[in-house]
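Q: The structure's right below; bear with me while I get my questions together.
The values are calculated or read from the model by the stated rules, or taken from the named source; none is laboratory data. In this text, all values refer to a predicted model and were calculated from it rather than measured experimentally. When we count neighbours, we look across all protein chains shown, and the Cβ atoms used for this are built from the backbone with ideal geometry, even at glycine. Protein only, heavy atoms only, side chains kept; ligands, DNA and RNA dropped before computing areas. Shrake-Rupley method; radii C 1.70, N 1.55, O 1.52, S 1.80 Å.
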Amino acid sequence: GQNIDQPTEMTATEGAIVQINCTYQTSGFNGLFWYQQHAGEAPTFLSYNVLDGLEEKGRFSSFLSRSKGYSYLLLKELQMKDSASYLCAVRTYGGATNKLIFGTGTLLAVQP
Amino acid sequence: KAGVTQTPRYLIKTRGQQVTLSCSPISGHRSVSWYQQTPGQGLQFLFEYFSETQRNKGNFPGRFSGRQFSNSRSEMNVSTLELGDSALYLCASSPGQGSSNEKLFFGSGTQLSVL
């Protein structure tokens, strides 16, 4: 079967660092995505990993370990506007398809 | 460049009715995917269309159907609505070139409530 696990909720303080974990068990693997979704808005792309290691993009970094079926999203210098849901998604197929398997999302609350 | 546009934004229907949702992708994007989002299940893949053909399908009953037009706009139809169909329906577009890092651009969704 296909399973992606993320913590349901997290709380962090403005200016701090937070790590959101994602573990996956899928029948195939062809890349892992992180999306951010503010309440009532569209999910927006944050990062993509297909090889093991860390991808850094400004205040956001994402890590992947394919052997462990594990990824995390690291948010630094947290701002109030980072309060949102963070979605982990796996592309299981190769080739031409945009079917992604999503986790249920992690709701992050940033407090002053 | 305009983003992905979904209409209507909100919809209220009663059990047994049918509903049609619309999605206009980003200009030049040929792939349109549909996802259902509920609090307990997260985003679940419904189907994907590319060049007017269904390219992939999720595990939803046949009451859920879709189509894509020659201008890449897509519609999704749900017949014989059930209470459990209440959800946010998200449309996502992408160029459709098939690269593994191709990211999806989502619309804000249609919030469907079935009473």
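Q: Order the following by accessible area, largest value first: A:Y35, A:Y24. Probe radius 1.4 Å; ligands, DNA and RNA are ignored.
A: Highest to lowest solvent-accessible surface, that is A:Y24, A:Y35.
Q: While we're here: Excluding A:A12 itself, what net charge comes from residues whose Cβ is under 12 Å from its Cβ, given Lys and Arg +1 and Asp and Glu -1?
A: -3
Q: Let me ask another. Once fully extended, how much extra length lies between B:S100 and B:T14, figured as 0.36 nm per residue of separation less the alpha-carbon to alpha-carbon distance?
A: 27.0 nm
Q: Could you grab the relative contact order for chain A? Cα pairs under 8 Å, six or more apart, rounded to a whole percent.
A: This gives 36 percent for chain A.
Q: Among DSSP bridges having both ends in chain B, what percentage is antiparallel? Round to the nearest 5.
A: 90 percent
Q: In whole angstrom, note down how far apart the Cα centers of the range B:49-74 and the range A:33-47 are.
A: If we compute the Cα centre of each part, the gap is 23 Å.
Q: So, one more: Considering all alpha-carbon pairs of the range A:1-108, what whole percent are spaced by more than 19 angstrom?
A: 40 percent
Q: Now for a separate question. Write down the radius of gyration of chain B and its Dmax, each obtained from C-alpha positions, in Å.
A: 13.4, 41
Q: For A:T44 and A:R66 in one chain, what is 0.36 nm times their gap in residues minus the Cα-Cα distance, to one decimal in nm?
A: 5.6 nm
Q: A further question follows. Among residues other than B:R55 whose Cβ falls under 11 Å from its Cβ, what is the net charge (Lys/Arg +1, Asp/Glu -1)?
A: Result for the local shell: +1.
Q: Over the range B:56-103, with a single point scatterer placed on each C-alpha, what log10 of the ratio I(q)/I(0) does the Debye formula yield at q = 0.25, 0.27, 0.33 1/Å?
A: -1.14, -1.21, -1.36
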